[in-house]
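Contents: one structure, followed by commentary.
The values are calculated or read from the model by the stated rules, or taken from the named source; none is laboratory data. Just so you know, these numbers come straight off a predicted model, no measurement behind them. Cβ: placed from backbone, ideal geometry, glycine included. Neighbour counts: every protein chain shown. All accessible areas refer to the heavy atoms of the entire protein, side chains included, with ligands and DNA or RNA removed. Shrake-Rupley method; radii C 1.70, N 1.55, O 1.52, S 1.80 Å.
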Amino acid sequence: MESKLAVMCELCCSLLQAIVIKCFRALSVAFLSLVDGLSMRGTPADEVTTFDQLASRWWNLDGPMMLLHKFNDLRVPLVVEGLISAGKMDRKQRFKTDALEGLKILDVGCAGGIYTEALAKLHATVVGIDPAQHLIEVAKAHAATQPELKDRCHYFVESMEQHAAGDNSAKYDVVVLSETIEHVVDKSELLKDIASVLKPGGSVFITTWSKQWWGWLLAILVLERIMRLLPRGTHDYSKFISQEDAEAMLEGYNCRTVERRAYYLKFWENEWTWVPFNNFAYTLHAIKE
C-alpha cells in the first residue's frame, strides 16, 4: 500500500510539473504572438483534426499517432508474455523474432495498422479490421512498403459485427482490442462477436482507459486539452468502461479473465510504463473456455 501511494505521489508531482511547464510555454507563445500582431484564436478546423488528415500522418513516428507507436513497447510483449503464462507458448520463444509464428490474430479497430504490423513482424498472420476505409487504405499502403509482411498482414473495411457474421467462427488464436472499446457504444455486443471468432482456449487482450476520474484527467484533460499529444475530441468519457464491467461482460461470453495489468503514460518523457494501480488505464487478458 505504501509503495502504491509513493508511486501515486511521484506521478502527481510529475503531472503538476509538466502542467506548469506547458502553461509557461503557452503564455510565452501567446506573448510573442501578441508582439507580432498575430491572433491566437484558431478556427474549429484548426483545432479538430479530421480523420483524413490524421490518416496522412499515421506512420509519422513524431506525428499525432506517436503515442500509439510508442505503446507497442508495452502491448506487443503483453501478448507474448500473456500467451506464455497461459501455456500457449514456450518461454524460450519470448525474445525470438518469430515468437508468434503459426498464430492467427485479429486486430479489431486496427486503424492505420500500427499494432497489426508489430504483431506480424513476430511472424503471426494478422487480420486487421476497421470500418474507416481511408485508414485501411493507409494500413495497406504502408504494409506494401514492407515486403516481409505482405503475406502476414491482411486488412478489411469491416466492423466487428460484419466480421463475425462472415465465415470466421472460432477462427483466431488471439484477438486484440487495443484503444478501441472506449469508442464503441454497444460494448457487450462487441465482446460477444469477439468471443464468437475465438477458438476454444483462445485469448483476447484488451487495453483501455479506466472509467475513473484519473482516467479522464490523463486521457482527456492532460493528453488532449493541455499537452495536445492526442487530437482533441479523441475520447468521450461517457464511453469509457470500468475494469469490473469489462470482466463481467467477458465472463458472460465464456471468456475468463486470467490477468489484469495497469499502465500509465509518463507524458513528460512520452513513454508508457506499467504501474501497480489501475486508476488511469488497464489491460485484461481473458481466455475462452
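Listed here are the residues, each with its yes/no results for (1) in contact with a strand residue (DSSP E or B) (Cβ under 9 Å, 6 or more places away or on another chain); (2) among the β-branched types (Val, Ile, Thr).
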| site | (1), (2) |
| --- | --- |
| LYS140 | yes, no |
| GLN146 | yes, no |
| ASP151 | yes, no |
| HIS154 | yes, no |
| SER159 | yes, no |
| GLN162 | yes, no |
| ASP167 | no, no |
| VAL175 | yes, yes |
| GLU182 | yes, no |
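Given the criterion of a type in the set (A, V, I, L, M), over 21 Å from GLY109 (Cα atoms) and either in contact with a Pro (Cβ under 9 Å, 6 or more places away or on another chain) or open to solvent by less than 60 Å² (accessible area, probe 1.4 Å) (or both), identify the matching residue among LEU218, LEU198. Talk me through it step by step, then tell me what you get.
Values: LEU198 fails: over 21 Å from GLY109 (Cα atoms).
The match here is LEU218.
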In the stretch 140-177, anything farther than 25 Å from MET89 by Cβ, aliphatic (A, V, I, L, M) and either touching a Cys at 6+ places or on another chain (Cβ under 6 Å) or at pLDDT below 95 (or both) is listed as ALA141, ALA144
Within the stretch 201-211, residues buried (at least 17 other Cβ atoms within 10 Å of the Cβ) and either in a loop (DSSP other than H, G, I, E, B) or touching a Lys or Arg at 6+ places or on another chain (Cβ under 9 Å) (or both) come out as GLY202, SER203, VAL204, PHE205, THR207, SER210, LYS211
Checking ASN270, ASN254, ASN278 in turn, the sole residue that is surrounded by fewer than 18 Cβ atoms within 10 Å (Cβ to Cβ) and touching a strand residue (DSSP E or B) at 6+ places or on another chain (Cβ under 7 Å) turns out to be ASN254
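Can you tell me how many residues within the stretch 113-138 are in a loop (DSSP other than H, G, I, E, B) and either open to solvent by 20 Å² or more (accessible area, probe 1.4 Å) or at pLDDT below 95 (or both)?
Pass one, the stretch 113-138, residues in a loop (DSSP other than H, G, I, E, B): 113, 121-124, 131-132.
Among the residues that remain, those that are also either open to solvent by 20 Å² or more (accessible area, probe 1.4 Å) or at pLDDT below 95 (or both) are: 121-123, 131-132.
Residues meeting the conditions: 5.
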Of those in the stretch 227-251 that are among the aliphatic types (A, V, I, L, M) and modelled with pLDDT of 95 or more, the residue surrounded by the fewest Cβ atoms within 10 Å (Cβ to Cβ) is ALA248
